[in-house]
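The next block holds one structure in the form of structure tokens; read it before the comments.
The values are calculated or read from the model by the stated rules, or taken from the named source; none is laboratory data. All values reported here derive from a predicted model rather than from experimental measurement. Cβ sites come from the backbone with ideal geometry, for glycine too, and all protein chains shown count toward neighbours. With ligands, DNA and RNA removed, areas are computed over all heavy atoms of the protein, side chains included. Shrake-Rupley method; radii C 1.70, N 1.55, O 1.52, S 1.80 Å.
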Amino acid sequence: MVVERYVDVRSRVPPRQCGIDRPGSGLPGAIAGSQGGARVSTTTPADPRWPAPQDVPVGLRGGTGPDSILRLLEAAISARVRWLVALHGDGRQQNPIDEYKTRLVVTARTAVASGSDVVSLELRAPDWSDLAPWYPGAHIDLYLPSGRIRQYSLWGDPADRRCYRIAVRRIADGTGGSNEVHDELPVGALVGVRGPRNAFGFVEPGRSTRAERVHFVAGGIGITPILPMVREAERTGLNWTLVYVGRERRTLPFLDELTRLGDRVTIRTDDEYGALPTADDLLPPNVRSGDAIYCCGPVPMMDLIAARVRNEPGVELHAERFSAAPVVDGQPFRIRLARTGQIIDVAADQTALDAVLRAEPGTPYSCRQGFCGTCTAHVSDGDIDHRDNLLTQDERDAGTMLLCVSRAHSPYLTVTT
Ligand code: FES
């Protein structure tokens, strides 16, 4: 197991000199040293330009009280400095993630599966204060320094308010988010975070649900939202089971912790079984009314489970996908980009977002499932086929569209991204 850990040095240096206690001081540059394998922050001198001194020196003419001439000078200089700052800015580079409300620092990186490319990040507030609470199944939006936005489930302990933990598998040929997390977020890096939010909440049997037992199914990195649920089920003495699947046993994250939970956990990997799992492999042998199924993993696995339990009366299915569901009942249409006039064809089995990304690769998006709102666009002409559960009627009436899921009833849409 490879661990890089950030060391809290606040007790060793005066707070105002420690980069971690100074929001906006550029933490990536502040975390520079390495002592005994632990990375520590270096001190940063106070900004010499601002603010102007608060304490005026005593009199220059031999008196012991504040000097009136110096007071006048201080007031005049402060006013001049404020005016120049307002006019020209303070000369510091604006970090693109500064606009977001929560900025967290990467305080540890850990490899969580031997031989695989899964890294776990620990994120804390720069002043190490408590973070917003969360519950099993929650995720955060991670705003990367490049401007990419990606969503990652929280796998840590909800009772530990000091940090969030996410785990990211490298997708070498993906859209770049996982590579950036792996290659460009060292300990000390600063990221923006929104959330936590929960679209996959765990409802314990006995609380707002008639379920009597819980079955979890996780595929590979899909274990991340499931893991806190499993811990909660175990902690509260629920009747639960887990099937955890993947290509190779050695690449499954968090395997050590899960195997310690005994025969409630079934590990099923393709290299040991020689074939992909069927629905019967993924589900308990006697799925019945009163079961709650929680699953997270690749689309084919989720489709297998949904097809198997969809018509079972009294069975709850709670699912979170890695990626967008396939387009259902899609008709081809065209998008006219309002800014450039470019015409884009959207195929029957293609999302509008994918079509627009071909022409404008910088178009923002995140969840691809119609619940985060990142891909919002404005439609000035055409009839939108809204397929999200996020927008209000007023927003729809105003021509707002989510490109990742919604389509067109008309042959054309004129869109501003
Ligand atoms: S990308 Fe999240 S709603 Fe479209």
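Annotations
- The range 213-321 - Rg and Dmax from Cα coordinates, angstrom: 12.9, 37
- Trypsin sites (Lys or Arg not before Pro) restricted to DSSP loop in the range 136-237 with at most 11 other C-beta within 10 Å: ARG207, ARG210
- Values of log10 I(q)/I(0), in the order q = 0.19 Å⁻¹, for the range 333-416 under a Debye, Cα-only, solvent-free model: -0.74
- Subtracting the Cα-Cα distance of ALA347 and SER146 from their residue separation scaled by 0.36 nm leaves 69.4 nm.
- Summing Cβ point charges (Lys, Arg +1; Asp, Glu -1) relative to the Cα centre of the range 333-416 gives a dipole of roughly 220 debye.
- Which of ARG288, ARG124 is most accessible, then next, and so on - probe 1.4 Å: ARG288, ARG124
- Dipole-positive endmost among LEU238, PRO313, THR251 within the range 213-321 (Cβ charges, Cα centre): LEU238
- Centre separation in Å (Cα based) which lies between the range 349-414 and the range 213-269: 36
- Computed label-point distance, nm, for sites ASP271 and THR414 using a 7 Å Cα→Cβ extension: 5.7
- The alpha carbon convex hull volume per residue for the range 125-273 rounds to 134 Å³.
- The largest accessible area among ILE384, ILE335 belongs to the first residue in ILE384, ILE335, and the rest follow in falling order (1.4 Å probe, all chains).
- With the alpha-carbon atoms of the range 239-398 aligned to their principal axes, the span from lowest to highest coordinate is 60, 36, 25 Å, starting with the largest.
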